[in-house]
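The values are calculated or read from the model by the stated rules, or taken from the named source; none is laboratory data. A quick note: this is a predicted structure, and the numbers were derived from the prediction, not measured. Heads up, the Cβs are rebuilt from the backbone with ideal geometry, glycines too, and the neighbour counts pull from every protein chain shown.
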Amino acid sequence: MTLHCLMHVPFEGPAMIARWAAARGIALQTWRVDRGELPRLEPADRLVVLGGPMGVGDQVLHPWLEGELAFLCEQLGQRRQILGICLGAQLLAAALGASVTRQEHTEIGWFDISADPAGLALGLPPRCPAFHWHGETFALPPGAERLAHSDACVNQGFVWEQRVVGLQFHLEVTPAAITGMCAQCGGDLVPGPWIEQDPARLADAAACARANVLAAELLDRCLGPEGC
């Protein structure tokens with residue numbers, strides 16, 4: 001089994017997912033979709049679709065998004081275990097027929113999410129802080145269950161057919177990963193009701209460590225041999 005991670009920009013990589021895979025003896029390979037790279041998967045392989053600053057609807061600016069959506073549709077049809085994070089979750093939602101739209105408020109920083117029953121079943125606590133950096137949101141795909149919600153965003157995650165999970169939020173981030181986001185997308189840190197503007201606060205090591213504990217449990221459940 002190989003865990004394949006689809007990247008869209010150089011500064012949003014697997015972060016602690018790489019550490020999780022190494023600790024379990026799982027081979028991990030990254031692919032730069034924005035450079036035309038897509039993997040050829042074996043039946044037992046798993047897939048993680050990572051984040052990025054572009055939107056699902058930015059196909060004129062980023063023509064490779066069309067090919068990635070077609071690839072995800074193919075993988076969904078092959079009963080693949082897939083985890084999507086932030087942009088990755090939006091791409092999975094779109095591939096499953098749901099709309100992706102601008103939300104009222106951009107959400108950047110450490111804000112609480114509240115788990116729905118499907119999220120509790122995946123090991124999320126009833127309420128916990130998670131890292132956010134998004135201005136778009138997805139509708140629930142047909143047949144999907146909502147995992148979590150927050151005050152700023154109605155749909156913070158979904159599970160579909162017990163094998164595909166989309167997370168609008170980040171639990172996998174490390175201080176280095178957040179520092180990279182701030183360096184590359186610092187123009188997003190403008191005043192707003194759901195925007196934390198202090199890069200030092202955003203890259204808080206203790207907050208990342210607590211989120212990573214939850215991420216490891218969720219990864220075990222979602223990408224393990226039994227699926228979600």
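For the reader, a short list of remarks on this structure follows.
- In region 1-10, residue farthest from Phe169 (Cα to Cα) [restricted to those that are surrounded by fewer than 19 Cβ atoms within 10 Å (Cβ to Cβ) and at pLDDT 95 or above]: Thr2
- Residues in region 102-131 that are in contact (Cβ under 8 Å) with a residue 60 or more places away in the chain and closer than 21 Å to Leu219 by Cβ: Trp110, Leu122, Gly123, Leu124, Pro125, Cys128, Pro129, Ala130, Phe131.
- Qualifying residue in region 145-152 (condition: closer than 17 Å to Glu217 by Cβ and at pLDDT 95 or above): yes
- Filtering Ala177, Ala215, Ala207, Ala183 for residues that are touching a Leu at 6+ places or on another chain (Cβ under 6 Å), over 21 Å from Leu72 (Cα atoms) and in contact (Cβ under 8 Å) with a residue 60 or more places away in the chain leaves a single hit, Ala215.
- Residue check: Gly227 meets all listed conditions (1) at pLDDT 95 or above; (2) at positive phi but one, namely (1).
- In region 1-18, the residues that are without any contact (Cβ under 8 Å) to a residue 60 or more places away in the chain and farther than 18 Å from Cys73 by Cβ: Met1, Thr2, Cys5, Met7, Pro10, Ala18
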